[in-house]
Amino acid sequence: IRDLDTGVHPGWVRTGKSFYAYAMSGWERLPVCRFYIPPGYGDSHFYSASPTECAEVSAKFPAFSYESPGVMHVGLPDAATGACSPGWAPVYRLWNSRADSNHRYTTDAGVRADMLARGYVAEGYGLDGVAMCSPNGGGTFDLTFTSSALILMPGDVRDAYLIVTPRNGYSGPVAVTVN
């Protein structure tokens with residue numbers, strides 16, 4: 001951000017758009033690889049949350065610089081439909097389809113439509129080209145157990161109750177798994 005704001009990269013400016021991601025792995029969070037596409041090929045970056053796609057890009061484009069296997073952690077959409085899990089927003093990846101390769105990443109459907117109208121191609125999963133899923137930043141929830149301690153031995157069965165308290169507009173489902 002500092003480089004863009006101070007003109008270190010002439011011609012590049014911030015869009016004012018952003019999406020959420022996690023710094024660390026966790027449930028439904030996959031690492032996002034980043035490749036730098038050198039000036040002869042586009043002077044841009046390519047991101048993917050798919051380990052398979054990261055390996056394919058590395059093999060197919062050896063001139064690209066593999067900068068990191070995990071610059072952030074996000075969700076991966078359903079491979080057939082492009083749908084994200086509840087509580088996650090689609091991140092669309094669009095490509096300019098030119099020799100000077102450039103990609104645009106956005107969660108904004110209006111920006112996606114504008115880029116398609118300019119000749120960009122949707123890349124990713126499903127008909128909309130969802131490359132990854134961003135955690136919705138608009139809401140969270142708290143989970144509270146009704147008892148302060150619950151100790152179970154193998155084979156024991158006991159009811160445990162949770163209170164789900166939505167925060168900041170959260171309205172999605174909550175799934176709890178205990179191992």
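Please treat every number below as a calculation from the coordinates, not as lab data. As the structure is a prediction and not an experimental result, all values here were calculated from the model. Neighbour counts are summed over all protein chains in view; Cβ atoms, including those assigned to glycine, are modelled from backbone coordinates with ideal geometry.
General observations
- Cα gyration tensor, the stretch 1-90 - rounded (a/c under 1.5), prolate or oblate: oblate
- Net +/- balance of residues flanking His103 in space, Cβ distance below 10 Å, scoring K and R +1, D and E -1: +1
- Between the labelled values [x] 2, 7, 10, 12, 13, 13, 12, 11, 8, 5, 3, 2, 1, 1, 0, 0, 0, 0; [y] 1, 7, 12, 17, 17, 15, 9, 7, 5, 4, 3, 2, 1; [z] 1, 9, 17, 18, 17, 14, 10, 7, 4, 1, 0, 0, the entry that holds P(r) over Cα pairs in 5 Å bins from 0, in percent as derived from this structure is [y].
- Pairwise Cα inverse-distance average, inverted: Kirkwood Rh of the stretch 43-134 (Å): 13.6
- Trypsin sites (Lys or Arg not before Pro) within the stretch 1-46: DSSP coil, no more than 16 neighbouring Cβ in 10 Å: Arg14, Lys17
- GNM top mover of Tyr105, Tyr92, Tyr22 - the chain, alpha-carbon springs below 10 Å: Tyr22
- 222 nm mean residue ellipticity, helices alone, for the chain (DSSP H n ≥ 4; -39,500 (n - 2.57); rounded to 500): -3500 deg cm²/dmol
- Surrounding net charge for Leu76, when Lys and Arg each add one and Asp and Glu each subtract one, Cβ distance under 13 Å: -1
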